[in-house]
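Data first, discussion second: the structure below is written as structure tokens.
The values are calculated or read from the model by the stated rules, or taken from the named source; none is laboratory data. Because the structure is a prediction, the values reported are computed rather than measured. In this analysis, Cβ positions are derived from the backbone assuming ideal geometry, glycine residues included, and neighbour counts consider all displayed protein chains.
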Amino acid sequence: MWIYEKKLQIPVHVEKCDLQMAKFLITQYGGPDGELSAALRYLNQRYTMPNERAKALLTDIGTEELAHLEIIATLVYKLVKDATPDEMKRAGLGGHYADHRTALFYSDAQGNPWTATYIQAKGEPIADLTEDIAAEEKARVTYENLIRLTDDRGIIDALTYLREREVVHSQRFREALFIVEEHNKNHKYDSNQYYNPMSGSEIFTNTNINPEDILR
Amino acid sequence: MNNAATTSCKKVPKEKMLKEIQELQFALVELTLYLDMYPTDRRAVCQYNVLSEKLNVLRTQYQMEHGALFAFGEFPSKYPWEWVKTPWPWEV
């Protein structure tokens, strides 16, 4: 079940109205490598993952992607909200205005509508997790492209944050894939048993942790 | 870890309080994803619990002053029903 928290994950501000940038940004809303694709892909794949850690990871990253979707929506909303139809037309958003006025919609930067063909679920964890890693890398690249397309500091800050998150997600998916591959190589290793797949031993076995040791 | 909202008696501006919540929650999101892959990291679990408690304190303070951050029963509402009134995140 999903609970909605009425705040953005990060504060978001834009310096000025920029319709052309809004047109580019929308690809991370409803485009092939955008947050909607990511969220729906992970939240759908999680049902048939073979181990608990992968189910948790896909659920949690999928949920975070919905929060990122909201950030992109906020950026576009703030960039577009005061635009006149004439300004929309001049920015190449005349078609969008005809179909949607200033409403947001799930499409790529060319206006192609979102499609489930952007995602896949093969029901086999190596294929699915490999796709997830690729998806995160593609999203990272798209953010790099978008950052280069603007000099608005507010937009750049938000996009830089989102790009960093994609890097972290990619790292987690690589670890999840490793666990599955280990399981396949060594059938004595049950992927629902917890141990550090990298070193083969339990990490951080210190049982005398005080909160003060952690907070500085 | 000190922050203005829990250590100061002066009124903290809404934006600052919200930012502290966002920063704290970010650490917890990161810890969640990490722990999903490394559930036996005792230190990380401990850190998660300490930060989680801090977040609850901050959230309660924020919500008491500025209205609920959640619907569906997470936090009580003043009269009339506050949820529709509190600012929507994309307008902030």
Scanning segment A:84-108 residue by residue, the ones that are within 21 Å of A:Ser37 (Cβ to Cβ) and of a type in the set (A, V, I, L, M) total 2
Test A:Leu58 against the stated conditions and say whether it is in contact with a Phe, Trp or Tyr (Cβ under 6 Å, 6 or more places away or on another chain) and surrounded by 14 or more Cβ atoms within 10 Å (Cβ to Cβ). yes
Looking at this structure, is A:Gly34 surrounded by 22 or more Cβ atoms within 10 Å (Cβ to Cβ) and away from chain B (no Cβ under 14 Å)? yes
Looking at segment B:1-19, is at least one residue under 14 Å from the mean Cα position of the chain (by Cα), part of a loop (DSSP other than H, G, I, E, B) and either at pLDDT 95 or above or of a type outside the set (Phe, Trp, Tyr) (or both)? yes
If you scan segment A:78-110, which residues turn out to be closer than 17 Å to A:Gly31 by Cβ and in contact (Cβ under 8 Å) with a residue 12 or more places away in the chain? A:Leu79, A:Val80, A:Gly92, A:Leu93, A:Gly95, A:His96, A:Leu104, A:Phe105, A:Tyr106, A:Ser107, A:Asp108, A:Ala109
Of the residues B:Val50, B:Val57, B:Val29, which is touching a Pro at 6+ places or on another chain (Cβ under 8 Å) and hydrophobic (A, V, I, L, M, F, W, C)? B:Val50
Hey, does segment A:51-69 have a residue that's within 11 Å of chain B (Cβ to nearest Cβ), assigned to a helix (DSSP H, G or I), closer than 15 Å to A:Ile119 by Cβ and of a type in the set (Val, Ile, Thr)? yes
Members of segment A:132-159 that are away from chain B (no Cβ under 14 Å), surrounded by fewer than 20 Cβ atoms within 10 Å (Cβ to Cβ) and part of a helix (DSSP H, G or I): A:Ala134, A:Glu137, A:Lys138, A:Arg140, A:Val141, A:Glu144, A:Asn145, A:Ile147, A:Arg148, A:Arg153, A:Ile156
Would you check which residues across segment A:123-177 are acidic (Asp, Glu) and within 24 Å of B:Gln25 (Cβ to Cβ) and list them? A:Asp132, A:Glu136, A:Asp157, A:Glu164, A:Glu166, A:Glu175
